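Visitor: Handing you a structure now.
The values are calculated or read from the model by the stated rules, or taken from the named source; none is laboratory data. Everything numeric in this text was worked out from a predicted model, so none of it was measured. No Cβ is skipped: glycine too gets one built from the backbone with ideal geometry, and neighbour counts run over all protein chains shown. For accessibility, only protein heavy atoms count, side chains too; no ligands or nucleic acids. Shrake-Rupley method; radii C 1.70, N 1.55, O 1.52, S 1.80 Å.
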Amino acid sequence: MLFSDHPRTHYRNAPAHEVICQLRFPSILTINSVEPADFQEAIRAEFPQYARRQDAAPPRITGLGSPNPKVEQQPPVTNHNFVSEDNQWKLNLTKDFIALSTLHYPGWEEFARQLDKPLAAFIRLYKPAYFQRVGLRYVNIFSRARLGLEGARWAELFSPAYTAPMQEAELPEDRFLNCACDLTLKLDSSCQAKVHAGPGVVKRNAPGVPQDPEVKFIFDMDLSMTGNTPCTLAAGALETLHGHSTRLFEGAVTDRLRDAMEAG
């Protein structure tokens, strides 16, 4: 199944690899040209480390449909990075979005709490007109070795909605060179989700770090609410997306996988 009403559960062996929340707003040019000192001061206790980088902006094409279309290079976008003392949390601020991410997801309540103060400070200081897109992304990576499921097939652990070809028991898993599923789902009148699900090897990009050969199952949910969301409703929008993410996640996993993840 794609969705499940299984009760929301906290798992001791949760597979969340990275969780990202991003809120996009109409461009505020001062963020690109003026150091956000007041914003830093408001969040410095929680995010004391600061770095700035210049991100390349995509080129703009003008004159499409004319005899002489032009590609215009755009100035770089300043990305302000604020990081917690323990390096577990990162806050990004650009002229177009504010985002919070972590590689050590502690659960929704703590994640939302970490976002509360910087989001309130951003709204107070920069007064965005509204949010054009509210996004919440969960990148889940399941390791059979870590969960004690080395002998299990992916088809036993995940819904047929994501593993249909692998349900053929007579065909060994290693015969599938690629068996990914990519979906875009409408969740309600204003929310949608892009889902990527399937086995694969996770590459490590750090130089000199040995690669992990284990085939893992990636379940990547990118949920979003579009339309102009008033700033006062941003927290509620994220709660809505989180509710949808729970139904998607629980719809993807089987009881055998739930047992291995250990509810608690």
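Visitor: How do the strands (runs of 3 or more DSSP E) wholly within segment 53-98 filter down when requiring 1 or more residues that are among the β-branched types (Val, Ile, Thr) and either under 30 Å from residue 116 (Cβ atoms) or open to solvent by 20 Å² or more (accessible area, probe 1.4 Å) (or both): which remain? Give the steps one after another, and end with the answer.
Guide: Details: elements: 60-62, 70-72, 77-83, 89-93.
Because the criterion is at least 1 residues that are among the β-branched types (Val, Ile, Thr) and either under 30 Å from residue 116 (Cβ atoms) or open to solvent by 20 Å² or more (accessible area, probe 1.4 Å) (or both), the strands (runs of 3 or more DSSP E) in segment 53-98 that meet it are 60-62, 70-72, 77-83.
Visitor: Sort through 113, 144, 133 and tell me the only one that's open to solvent by less than 60 Å² (accessible area, probe 1.4 Å) and basic (Lys, Arg).
Guide: On the way: 113 fails: open to solvent by less than 60 Å² (accessible area, probe 1.4 Å); 133 fails: open to solvent by less than 60 Å² (accessible area, probe 1.4 Å).
Just one listed residue meets the conditions, 144.
Visitor: Among the residues of segment 36-50, is there at least one that is at pLDDT below 95 and either closer than 30 Å to residue 142 by Cα or out of contact with any Asp or Glu (no Cβ under 9 Å at 6 or more places or on another chain) (or both)? Spell out the reasoning first.
Guide: The first filter runs over segment 36-50 and keeps only residues at pLDDT below 95, leaving none.
No - not one qualifying residue is present in segment 36-50.
Visitor: So, in segment 11-29, of the ones that are among the polar types (S, T, N, Q) and within 22 Å of residue 133 (Cβ to Cβ), which residue ends up surrounded by the most Cβ atoms within 10 Å (Cβ to Cβ)?
Guide: Going residue by residue through segment 11-29, those that are among the polar types (S, T, N, Q) are 13, 22, 27.
If we keep only those that are within 22 Å of residue 133 (Cβ to Cβ) too, we end up with 22, 27.
Details: 22: 19, 27: 14.
Per the criteria, the residue is 22.
Visitor: Mind listing whichever residues of segment 116-130 are out of contact with any Pro (no Cβ under 9 Å at 6 or more places or on another chain) and open to solvent by 10 Å² or more (accessible area, probe 1.4 Å)? Spell out how you get there, then give the answer.
Guide: Start the filter on segment 116-130 by keeping residues that are out of contact with any Pro (no Cβ under 9 Å at 6 or more places or on another chain), which leaves 116-121, 123-124, 127.
Residues satisfying the conditions are 116, 117, 119, 120, 123, 124, 127.
Visitor: Let me ask something else about it. Only one of 248, 233 is of a type outside the set (Ser, Thr, Tyr) and within 22 Å of residue 5 (Cβ to Cβ); which?
Guide: Working: 233 fails: within 22 Å of residue 5 (Cβ to Cβ).
After applying the criteria, what remains is 248.
Visitor: So, one more: Could you look through segment 30-41, keep only residues that are assigned to a loop (DSSP other than H, G, I, E, B) and open to solvent by 80 Å² or more (accessible area, probe 1.4 Å), and pick out the one that is nearest to residue 100 (Cα to Cα)? Talk me through it step by step, then tell me what you get.
Guide: Going through segment 30-41, the residues assigned to a loop (DSSP other than H, G, I, E, B) turn out to be 34-36.
Subset that is open to solvent by 80 Å² or more (accessible area, probe 1.4 Å): 34-35.
Working: 34: 21, 35: 19 Å.
Within segment 30-41, the match that is nearest to residue 100 (Cα to Cα) is 35.
Visitor: Moving to a separate point now. Using the structure shown, decide if residue 138 is assigned to a strand (DSSP E or B), in contact (Cβ under 8 Å) with a residue 24 or more places away in the chain and open to solvent by less than 20 Å² (accessible area, probe 1.4 Å).
Guide: Working: assigned to a strand (DSSP E or B): yes; in contact (Cβ under 8 Å) with a residue 24 or more places away in the chain: yes; open to solvent by less than 20 Å² (accessible area, probe 1.4 Å): yes.
Spelling it out, residue 138 is indeed assigned to a strand (DSSP E or B), in contact (Cβ under 8 Å) with a residue 24 or more places away in the chain and open to solvent by less than 20 Å² (accessible area, probe 1.4 Å).
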